[in-house]
Number of protein chains: 2
Amino acid sequence: MAHGPQPRPLPSVLLLSLLPIAVWLIFRPFLSPVPPLPALHSSLGFSIIAFLAALYLVPALGGIMVKANLKGKDLLKTYDTPIPESLGLVCASIYILLLILFIPFPFSGWYNDHAGNQPTTKAAEGISVPEFPHHLLSLYLSSLLSLLMATMLGFLDDIFDIRWRHKLPIPIIASIPLLMVYYAEQGNTHVVVPLPFRPLLRRTLVNLGPLYYLYMSLLSTFSTNSINILAGINGSEVSQALIIALSVILNDLLYLPWPVDFRIPLHLLGSQKEVEVGGVWAAGMAYGSRQLVERHLFSLYFMLPLVGVCLGFMYHNWYPARVFPGDTLCYVTGMAFAVVGIQAHFSKTLLLFFLPQIFNFVLSCPQLFGLVPCPRHRVPRFDRNANLLHPSKALFERSPSHLSTLVLRGLSLLGLTELTTHPSTGQVLECTNLTILNVFLVRLGPMNEKRLVQVLMGTQVAGSVTAFVVRYGLAGLVYDGDRR
Amino acid sequence: MAHGPQPRPLPSVLLLSLLPIAVWLIFRPFLSPVPPLPALHSSLGFSIIAFLAALYLVPALGGIMVKANLKGKDLLKTYDTPIPESLGLVCASIYILLLILFIPFPFSGWYNDHAGNQPTTKAAEGISVPEFPHHLLSLYLSSLLSLLMATMLGFLDDIFDIRWRHKLPIPIIASIPLLMVYYAEQGNTHVVVPLPFRPLLRRTLVNLGPLYYLYMSLLSTFSTNSINILAGINGSEVSQALIIALSVILNDLLYLPWPVDFRIPLHLLGSQKEVEVGGVWAAGMAYGSRQLVERHLFSLYFMLPLVGVCLGFMYHNWYPARVFPGDTLCYVTGMAFAVVGIQAHFSKTLLLFFLPQIFNFVLSCPQLFGLVPCPRHRVPRFDRNANLLHPSKALFERSPSHLSTLVLRGLSLLGLTELTTHPSTGQVLECTNLTILNVFLVRLGPMNEKRLVQVLMGTQVAGSVTAFVVRYGLAGLVYDGDRR
């Protein structure tokens, strides 16, 4: 029998060269002159540590996972070697521990004393956000609690192998700390009414009240599960998380003060106005709003180390995978996105970064809700001889209902599934499983696993580009330009 | 072979009668007149819920634990039936989830609006503490983070079976959130200098700085591990936790405002002054200090549900045990004690409640640090025929060093161990294992397991009584009377 791949080599030069950079970034803000966004330097340093820690600890702890029976066979390979499972736990632990160690940097008022030496020059340079508002510490801690609960629940899921119908609502439990503190802090439950509905509702803002809390918990459920169901091939979960995190970071950067002034040619995206970002420490698209800068800094503090951890893990999870993430990784990354979307108030923009996941979810609905049979695994079918993946199929054991046939014929017309029909009656006998991965294989033909995950990543990037176009181009059509 | 015991029956009448009381207590503060300590009512209600949840969920989830291979043989029984292990995870989950759901009660300012209706009467009644200070929310959340990390690490310990030398420092990791937020909140690192040392140091307060953080992390390490090493017989872990929690609660109650006035006859304990507790809503031994009342309320919010969970779990863990706690219970209870000791600033008083644990730890040192051989299990030896426990023994495979012999002879003189010596040379061949449980068996003779745990509980209660005498009687000799 063929043997599994050897562990990937770890280039020690990486460690040697990146570690001093990380340490420098973490402690740079203590040297004068204090940079305008001091804690962001430290966060960047922590993210490099996160990357290195994941890079080295994930393979080192794989053996322990196998010993505790946390292992799985790679379904799409010729070898049967057990692969360590649930390494997302290691990633989540590194991530959360670093976020905890990071607490004093933005919240202890270290830099205030420094910045106090030169108040006038700072003021002249515009927004410098030296002090992080204290009440944000509670929000930060409640986010950590939710992340830790998501990790715990994800790991319990890995251990006890909870059935998917039962685990759908699990992220709601993990979001409880978020909701409780949001409530105790008397968080904003108003939403801006889109322009077309304003004449109808006769107001600009509408208070959703308890519905807003429902929305928040559903957001975390969605972001967690949508990554979890778009899984099954090497690197799929972590690459989605990585690209979404990078998109959120790019979006955050637009709201930060920059020393250079640049314009975004929004008219190319169909907007009527020009957006100017930066200027002498003017706060990007925050247009000088300190609150907006703070919110997006908050988001960056969570997203930068996530990118670090994901990159480090991806090195070992990339085709052919040496380790598997388990549900834990999906839970913690999904919860991280929900946390920043909620706490930094850009949940609608965040949802735009989930376009492939939304597509996958909507496409999966006929199988999730029983219109079409749903096998235990919907991963593509592996052709051992050619090393290619083909779309996997769901077999109708009884003849499909009229509704099922109608839905499947519609999807087939759109090219999203391939049907096998009875040659004489035309009755649907089989259809390809309704996942985005199978759609790729139906549309682009059989390909190997590495190629498939690359197509998935390409789609995710394309989705994010679309998201930016919609958010900064088309959103002007339904919302005021200066909404925050 | 004999079969293990059947699950203990659950008296449904308990559920039926306690649930409405719990609901009433939780929501009573919303009715006028608002009680003077509204959130404490709710906390009491939550604690009843915690008790009921543990009572019903622990046996219900035992089967799932066994399926995930979390089970163990009871070493001191005639039967070999596997007993579900790690049920501390269920207790910890109930405990932490209820603490999270409790957040809005003290922190959302619900009762301010109510209390606002009658400000003058309230003021006339003394301290009513209607509003919980906002900055305490961060401390509350950091405590929850530490508890959750302790739970997680305890469960990982159960799963991966970490060696005890490696797991000693684990609570330090769990205490990091506590330390970070304490630091970010610029928590007090001063300690009061005992009277005899004041002439030496020439000050009343001394700033320990970083040493204070070391002290805090060592406190959590101590409180966690000291419960963990005093284990091995049915009900031992949870009964220690229960009695310590009740002692902390009793101590907290002394600082709360009471409608009735009572005096504690402290002169009987050797103190020179009389202590008056209560009066018309005057704040007990807090002598009107709002901060002290808040701190002890904080402690009660953590201790009351812990008592609930421990009571519910103890019902199933009592001899003969139907479930085992695993390391998770020791970790979460130990961390809970560290949390209240640190956050509510009574760590020295807390340590006094650990007298039996301190005794057990000091006694264990010769075995922990290699002077005396340390077998894998130091639990008493079980005599199957008589159903009695005898002291277990450590065998010297090589002849003991002079130091070991000296230490053992000293302990033997004190009656803390029994030595088996060579009849002619007098060389020590064996000694009883150095744990408090074996000391009981050496001093009081063989007894059954149930009796032994009752002796342990009696000792714990006696320790707490001593602690109160020392704290409120003798402490006046080394500290000022009015220290806070």
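The values are calculated or read from the model by the stated rules, or taken from the named source; none is laboratory data. Predicted model, so just to flag it, every value in this text is computed and none were measured. Neighbour counts are summed over all protein chains in view; Cβ atoms, including those assigned to glycine, are modelled from backbone coordinates with ideal geometry. Only protein heavy atoms, including side chains, enter the accessible area calculation; ligands, DNA and RNA are left aside. Shrake-Rupley method; radii C 1.70, N 1.55, O 1.52, S 1.80 Å.
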### Query
Based only on Cα atoms, what Rg/Rh ratio does the range A:381-447 have, Rh being taken as Kirkwood's radius?
1.00
### Message
Taking amide H atoms as placed 1.01 Å from N in the peptide plane, list the residues 5 or more away in sequence, or in a different chain, whose amide H sits under 5 Å from that of residue A:324.
### Response
A:85, A:86, A:87
### Message
Inside 10 Å of the C-beta atoms of B:143-152, what's the mean count of C-beta atoms belonging to other chains?
### Response
5
### Task
For peptide B:154-160, compute the average count of partner chain beta-carbon atoms within 10 Å of each residue's beta-carbon.
3
### Query
Using θ = phi - 60° and the Karplus curve 6.51 cos²θ - 1.76 cosθ + 1.60, what whole-Hz ³J(HN,Hα) does each residue of the range A:341-355 get, with Gly and Pro shown as x?
x, 6, 5, 9, 6, 9, 5, 5, 4, 4, 4, 5, 6, 9, 3
### Query
How would you order A:21-32, B:320-331 from highest to lowest mean count of nearby Cβ atoms within 10 Å?
B:320-331, A:21-32
### Task
List the extent of the Cα atoms of the range B:334-392 along each of their three principal axes, largest first, rounded to whole Å.
49, 30, 16
#### Entry: Cβ-based net charge around residue B:360, under 15 Å, with every Lys or Arg adding one and every Asp or Glu removing one
+1
### Query
What is the minimum Cβ-to-axis distance for chain A, in whole Å, where the axis maps A onto B, and to which residue does it belong?
A:141, 2
### Message
Could you report the accessible area of residue A:465 in Å², rounded to 10, computed with a 1.4 Å probe on the protein chains as they sit in the structure?
### Response
90
### Spatial extent of chain B: Rg and Dmax, with the Cα atoms as the point set, Å
23.9, 86
### Message
If R₀ is 51 angstrom, what is the calculated FRET efficiency for the pair residue A:31 and residue B:376, using the beta carbon separation as r and rounding to 0.05?
### Response
0.45
#### Entry: For A:63-71, mean number of other protein chain Cβ atoms within 10 Å
2
### Task
For residue B:258, list long-range residues whose amide hydrogen, built 1.01 Å from N in the peptide plane, is under 5 Å from its own amide hydrogen.
B:278, B:279, B:281, B:282, B:284
### Query
Using the alpha-carbon atoms, what tilt in degrees (0 to 90, nearest 10) does helix A:135-160 show relative to the longest principal axis of chain A?
20
### Task
With θ set to phi - 60°, apply the Karplus curve 6.51 cos²θ - 1.76 cosθ + 1.60 along the range A:301-318 and write out the HN-Hα couplings as whole Hz, x wherever there is a Gly or Pro.
4, 8, 7, 4, x, 5, 4, x, 4, 4, 4, x, 5, 4, 4, 9, 9, 5
### Query
Can you pull out the GluC sites (Glu not before Pro) in the range A:386-484 that DSSP calls coil and that have at most 11 other Cβ atoms within 10 Å?
A:397
### Summary
So, in nm and shortest first, the distances from residue B:31 to its counterparts in the other copies, with label points 7 Å along Cα→Cβ, work out as 6.6
### Message
Give me P(r) over the protein assembly as shown, computed from all C-alpha to C-alpha distances, binned every 10 Å, as integer percentages.
### Response
2, 10, 18, 21, 20, 15, 8, 4, 1, 0, 0
### Query
At residue A:250, with labels set 7 Å past Cα in the Cβ direction, how many nm apart are the copies from this one, shortest first?
6.5
### Task
Step through the table entries B:167/B:348; A:167/B:71; A:67/B:71; A:71/B:67; A:77/A:393, compare each Cα-Cα distance with 22 Å, and write down the pairs that go over it.
B:167/B:348; A:167/B:71
### Query
Taking the mean number of other Cβ atoms within 10 Å as a proxy for protection, how do you rank A:243-252, A:199-208, A:383-392 from highest to lowest?
A:243-252, A:383-392, A:199-208
## Note on the structure
About its Cα centre, chain B carries a charge dipole, from +1 on Lys and Arg Cβ atoms and -1 on Asp and Glu Cβ atoms, whose size in debye to the nearest 20 is 840
### C-alpha long axis of helix B:236-253 to longest principal axis of chain B, angle in °
30
### Message
Using only DSSP helix segments of four residues or longer, with each worth -39500 (n - 2.57), what per-residue ellipticity at 222 nm results for chain A after dividing by its residue count and rounding to 500?
### Response
-18000 deg cm²/dmol
### Message
Can you give me the Kirkwood hydrodynamic radius for the range B:287-333, using every pair of distinct Cα atoms, in Å to one decimal?
### Response
12.7
### Message
Report the Cα centroid-to-centroid distance between the range A:302-341 and the range A:40-93 in angstrom, as an integer.
### Response
10
### In degrees, nearest ten, helix B:210-229 long axis to first principal axis of chain B (Cα)
50
#### Entry: Protection proxy ranking of A:151-164, A:332-345 - average other beta-carbon atoms within 10 Å, highest first
A:332-345, A:151-164
### Message
With θ taken as phi - 60° and the coefficients 6.51, -1.76 and 1.60, list the Karplus ³J(HN,Hα) couplings across the range A:7-21 in order, rounded to whole Hz; mark glycine and proline as x.
### Response
x, 5, x, 9, x, 5, 5, 4, 4, 4, 8, 7, 4, x, 4
### Task
Give the nm distances, rounded to one decimal, from residue A:60 to the matching residue in every other copy, measuring between label points 7 Å along Cα toward the beta carbon; shortest first.
4.2
#### Entry: Mean Cα-pair separation over length for chain A, i.e. relative contact order, pairs under 8 Å, 6 or more apart, %
19
### Query
What are the residues whose amide H is under 5 Å from the amide H of residue A:427, where those residues sit 5 or more places off or on another chain and H is modelled from the backbone?
A:422
